[in-house]
Amino acid sequence: MPFSTAEQNMWSDDPGEQAIRPDDRAINERYVRGEGRIVIETNREKLPGFVNQLKEPNYMDLRPFYQRRPRWDIRAQSLLIESFIMNIPVPPIFLYERDYNSYEVMDGQQRITAIRDFYANSIKLRGLETWPELNGRTYATLPEKIRAGIDRRSITSIVLLKESTENEEEASLLRETVFDRLNTGGVKLERQEIRNALYRGFFNDALHEITRSDEFREVWGLPRWVEDEMETNPTLVSEPFFAKMGDAEVVLRFFALRHVDHYRNGMQGFLDLYMRRASKFSAQDVEQLKSLYHDSLHLAREIYSDLIFRPYSVLREAWDTKPHRAFQDAVMIGLSERLEHSYALKERSFDIIEATKELFAKFPDGTFTGRGNTKQDIKDRIQLYREMLSRVLG
């Protein structure tokens, strides 16, 4: 298995699955020690003062801590301002204190950005329902009394303090848990959105870079990537695979399931675990992994052409119309181990396609389409594909 330098050691301190179930005494002791409990404080500040604090260096990281791809439009921002005008309670924002009096936004980035931009006169109100006569106004051009009323309003922030954890590993785990529970916007966060938020670094950047490649997008039916693609192609917001970062998760599955011997906690739990450890990879490691992915994807495309990652139905005697994630796992991992035989594999493209059809005929029970996601299920489908490649190569 071709692993990067960091991957070869990433499980060296791995305690594995805990086989011993703690008794009540041990559970009580853990609770008394304060493990798993967070230290918070609640602040409430007038909007003008809050906006002024945002201008201070290193006060708050306004880069989205989880970067949901669909962003608020002007109307959504305007309705937030209308809520302040009407004195409708606005949900609190959640911050993580990364250093003393220096914060990261965990939940509420859209609200913070809307407030900041409104006070900077960058927003012209639009789509107001109760105060339509204010449409087209900026903060500076609002009637005096309305402007004064907004300035009286406050924003509440709930802050997870540094004292909640003793080290960065604990901090990452805590933020992951809190993220998963926060639903103040009414839409549950997807797991890849949470990972994207918590585990920034070279590896996370690489996932997005890979998903922007022409070859990846052609395989998964996404339009060619352009800068600010959400603005140039707003229909992508309605495409769940893209909007919920399913594309990034597909890439993550390839890297993580190459380590299936360490698989546990279900698919999503294992992806969390790998991502957490991969966030420490160096730029050199990540470059090696990107090359491995691109080379493996290119080889798969050369072999399967338009049939890439598509399961075969024996009953219908036809290939599926769309690629499948679980089948992708087996194909990509199997081919990544055979890159030195790329020429021979491409020469035997027809044989591989026929052998793939035979695999689906022999295992029509969903083995290759993710019927099960136990450790053994995943190992079986990867191993069956490996064996097929070995037979084709002779």
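Considered as a group, the residues in region 139-163 that are in contact with a Ser or Thr (Cβ under 8 Å, 6 or more places away or on another chain) and open to solvent by 20 Å² or more (accessible area, probe 1.4 Å) include one that is nearest to residue 90 (Cα to Cα), and that residue is 156. Across region 229-253, the qualifying residues are those that are assigned to a loop (DSSP other than H, G, I, E, B) and more than 12 Å from the chain's Cα centre (by Cα), and the one among them that is modelled with the lowest pLDDT is 233. Answer with yes or no whether residue 219 is of a type in the set (A, V, I, L, M, F, W, C), over 21 Å from residue 1 (Cα atoms), open to solvent by less than 60 Å² (accessible area, probe 1.4 Å) and modelled with pLDDT of 95 or more. Yes; evaluated as a whole, the condition is true for this residue. Just one of the numbered conditions (1) out of contact with any Phe, Trp or Tyr (no Cβ under 6 Å at 6 or more places or on another chain); (2) within 26 Å of residue 249 (Cα to Cα) is not true of residue 316: (2). Show the residue pairs that are 6+ apart or on different chains and have beta-carbon atoms under 8 Å apart, the first residue being within region 207-220 and in contact (Cβ under 8 Å) with a residue 60 or more places away in the chain and under 16 Å from residue 291 (Cβ atoms), the second being of a type in the set (Asp, Glu) and in a helix (DSSP H, G or I). Pairs found: 216/247.
Scanning region 363-376 finds no residues that are without any contact (Cβ under 8 Å) to a residue 60 or more places away in the chain, within 28 Å of residue 217 (Cβ to Cβ) and outside any loop (DSSP other than H, G, I, E, B). Kindly indicate whether residue 85 is open to solvent by less than 20 Å² (accessible area, probe 1.4 Å) and at pLDDT 90 or above. Considered against the rule, which asks whether it is open to solvent by less than 20 Å² (accessible area, probe 1.4 Å) and at pLDDT 90 or above, residue 85 comes out as no.
Residue by residue, here is whether (1) crowded, with 20+ Cβ neighbours inside 10 Å; (2) out of contact with any Ser or Thr (no Cβ under 8 Å at 6 or more places or on another chain) holds:
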position	(1), (2)
243	no, yes
256	yes, yes
265	no, yes
279	no, no
284	no, no
301	no, yes
322	no, yes
329	yes, yes
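If you check 357, 375, 346 for being touching a strand residue (DSSP E or B) at 6+ places or on another chain (Cβ under 9 Å) and either surrounded by 15 or more Cβ atoms within 10 Å (Cβ to Cβ) or at negative phi (or both), only one passes: 357. Of all residues in region 99-114, those being among the acidic types (Asp, Glu) and open to solvent by 40 Å² or more (accessible area, probe 1.4 Å) number 1. Taken residue by residue, region 288-297 has no member that is in contact (Cβ under 8 Å) with a residue 24 or more places away in the chain, under 22 Å from residue 374 (Cα atoms) and among the charged types (D, E, K, R).
The values are calculated or read from the model by the stated rules, or taken from the named source; none is laboratory data. Here the structure is a predicted model, which is why all the values come from computation and not from measurement. Don't worry about glycine lacking a Cβ; one is built from the backbone with ideal geometry, like all the others, and counts go over all protein chains shown. Accessible surface areas use protein heavy atoms only, side chains included; no ligands, DNA or RNA. Shrake-Rupley method; radii C 1.70, N 1.55, O 1.52, S 1.80 Å.
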